[in-house]
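Structure, as structure tokens:
The values are calculated or read from the model by the stated rules, or taken from the named source; none is laboratory data. Given the structure is predicted, the values throughout are model-derived calculations rather than measurements. Reconstructed Cβ throughout: ideal geometry from the backbone, glycine too, with neighbour counts over all protein chains shown.
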Amino acid sequence: MKKLRIFFLARASREKTLLLAFAGLALLTVGSHVLGRSRARWAEWQAARTEGAAQQVWLDHADEIAARAVAATHSLEPAKTLNATRLVGELSALAGQAGLTADIGSQRTERTDQFAFHTVQVNFRRVELAALLRFYSALTPRSPYIALEQFSLAADRANPGQLNVSLRVVSVELAR
């Protein structure tokens with residue numbers, strides 16, 4: 001440390017000024033990096049704390065949630081629940097009745113102790129609003145066995161009077 005002081009004091013005043021400026025810039029750069037990392041860690045800690053609180057609420061109400069799941073199981077008619085294959089068939093039939101051609105894509109299944117939730121991506125290209133409303137009207141009475149999880153609607157670029165629609169449809173099946 002003493003050698004640095006002797007080195008610094010032996011320099012001309014403009015060299016001292018430049019050395020101090022470089023040292024200040026280095027300190028500013030390191031300081032801003034440390035501050036940014038500190039803010040990121042603080043945000044992560046806050047997010048973890050919030051997530052922990054939400055999980056604690058779920059754990060505190062686990063008995064009530066289980067009771068509601070059992071009650072929901074008893075209110076469903078097993079014959080009306082749909083597996084993934086029946087869901088695809090039902091959606092194709094509803095689309096055909098509405099005068100639409102469905103492009104049914106990826107399927108995914110999530111299982112719990114009492115239920116299996118089947119999710120299907122459905123796309124309609126260049127459809128009229130009236131046909132889409134007929135499809136929705138036919139889909140609505142099948143709730144809670146079939147439900148819309150996500151809905152995206154956009155006007156077709158080539159013909160703004162027609163619509164491009166993307167739906168994520170989910171069905172519930174009682175686990176056997």
Seminar exercise, completed: Among GLN107, GLN162, the single one that is of a type in the set (S, T, N, Q) and in contact with a Lys or Arg (Cβ under 6 Å, 6 or more places away or on another chain) is GLN162
For this session: Find all pairs meeting these conditions: Cβ atoms under 7 angstrom apart; at least six residues apart or on different chains; first residue within segment 55-82 and under 23 Å from ILE146 (Cβ atoms); second residue modelled with pLDDT under 95 and in a helix (DSSP H, G or I).
Result: LEU82/GLU90
For this session: Tell me, please, whether a residue that is in a helix (DSSP H, G or I), loosely packed, with under 10 Cβ neighbours inside 10 Å and among the hydroxyl-bearing types (Ser, Thr, Tyr) can be found in segment 64-77.
Result: yes
